[in-house]
Amino acid sequence: MKLNTNNNAYIIIYSAILVVIVAFLLAFVFQALKPMQDANVALDTKKQILNSLNIRGLDGAEAEAKYKEVVKKEENREGQKIYECQINGQDIMVTSLKGMGLWGGISGYVAIDKEGKVFGAYFNHESETAGLGAEIKDSQAWQEKFIGKKIWDDKGNVVLSVVKKVEDPASQVDCVTGATLTSNGVDAMIKDGLKNFKKAKEE
């Protein structure tokens with residue numbers, strides 16, 4: 001008996017079978033590639049942490065080796081990750097940061113020395129505008145402006161901030177030109193993250 005390929009039932013069954021096969025193949029490929037994807041994400045995270053420690057430009061193997069060398073302990077405090085590190089005999093703490101920019105999520109890491117000053121910083125974003133808000137990630141020069149800045153005042157309040165006009169060079173960094181809203185997001189992220197960091201370390 002010849003199949004009627006113009007029959008509605010045939011078309012529906014054929015389409016359903018095709019969808020099942022494609023879904024199976026996609027699931028198989030996803031599962032096959034997942035370990036590689038997870039490894040790439042983990043390596044990228046390690047590179048970001050190293051960037052915040054002013055260790056940049058390493059390839060995969062170099063970054064893995066350097067990370068093992070300098071990161072001595074990792075903690076997770078209610079979603080905020082804290083890393084105890086050692087650079088040239090100096091104890092450095094690194095804390096993760098999360099916030100919102102103009103178009104989506106932003107994140108970063110701030111490295112803190114024993115005097116409560118910024119040892120280094122690195123910021124990332126999901127979808128900020130290239131050449132403007134994306135400069136929080138793309139501009140190493142802007143990230144390096146944070147180095148040496150005071151983080152807390154004598155009462156433990158976070159004074160490190162991103163501002164349109166710097167009035168206190170000891171604790172303030174000027175915002176990214178043309179990206180005020182993204183810069184405001186970085187400022188809020190820093191204040192929330194470092195406040196939570198201090199609270200976590202005092203508990």
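Tabulated results
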item	result
Residue identified as touching a residue at least 60 places away in the same chain (Cβ under 8 Å), open to solvent by 30 Å² or more (accessible area, probe 1.4 Å) and acidic (Asp, Glu) among Glu84, Glu62, Glu115, Glu78	Glu78
Residue among Leu102, Leu132 that alone is over 17 Å from the mean Cα position of the chain (by Cα) and surrounded by 16 or more Cβ atoms within 10 Å (Cβ to Cβ)	Leu132
Residue that is farthest from Met100 (Cα to Cα), among those in the range 160-188 that are open to solvent by 40 Å² or more (accessible area, probe 1.4 Å) and hydrophobic (A, V, I, L, M, F, W, C)	Ala170
Any hit, the range 160-182, residues being closer than 12 Å to Val118 by Cβ, touching a helix residue (DSSP H, G or I) at 6+ places or on another chain (Cβ under 7 Å), touching a residue at least 40 places away in the same chain (Cβ under 8 Å) and of a type outside the set (D, E, K, R)	yes
Set Lys155, Lys150, Lys191: member being open to solvent by 60 Å² or more (accessible area, probe 1.4 Å) and either under 16 Å from Asp113 (Cα atoms) or in contact with an Asp or Glu (Cβ under 8 Å, 6 or more places away or on another chain) (or both)	Lys150
Test for Leu25: is it under 30 Å from Trp142 (Cα atoms), over 16 Å from the mean Cα position of the chain (by Cα) and either buried (at least 16 other Cβ atoms within 10 Å of the Cβ) or not basic (Lys, Arg) (or both)	no
Residue match in the range 47-60 (condition: part of a strand (DSSP E or B) and either within 15 Å of the chain's Cα centre (by Cα) or of a type outside the set (A, V, I, L, M, F, W, C) (or both))	no
Any chance Gly99 is in contact (Cβ under 8 Å) with a residue 24 or more places away in the chain and either of a type in the set (A, V, I, L, M) or not in a strand (DSSP E or B) (or both)	no
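Residues are listed down the side, and each one gets a yes or a no for (1) at pLDDT 95 or above; (2) within 30 Å of Lys114 (Cβ to Cβ); (3) of a type in the set (Phe, Trp, Tyr):
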| position | (1), (2), (3) |
| --- | --- |
| Lys2 | no, no, no |
| Leu26 | no, no, no |
| Gln37 | no, no, no |
| Ala42 | no, yes, no |
| Arg56 | yes, yes, no |
| Gly60 | no, no, no |
| Asn76 | no, yes, no |
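The values are calculated or read from the model by the stated rules, or taken from the named source; none is laboratory data. Just so we're clear, the structure is a prediction, and the values are computed from it rather than from any experiment. Cβ: placed from backbone, ideal geometry, glycine included. Neighbour counts: every protein chain shown. Remember, those area values only see protein heavy atoms, side chains included, never the ligands or the DNA or RNA. Shrake-Rupley method; radii C 1.70, N 1.55, O 1.52, S 1.80 Å.
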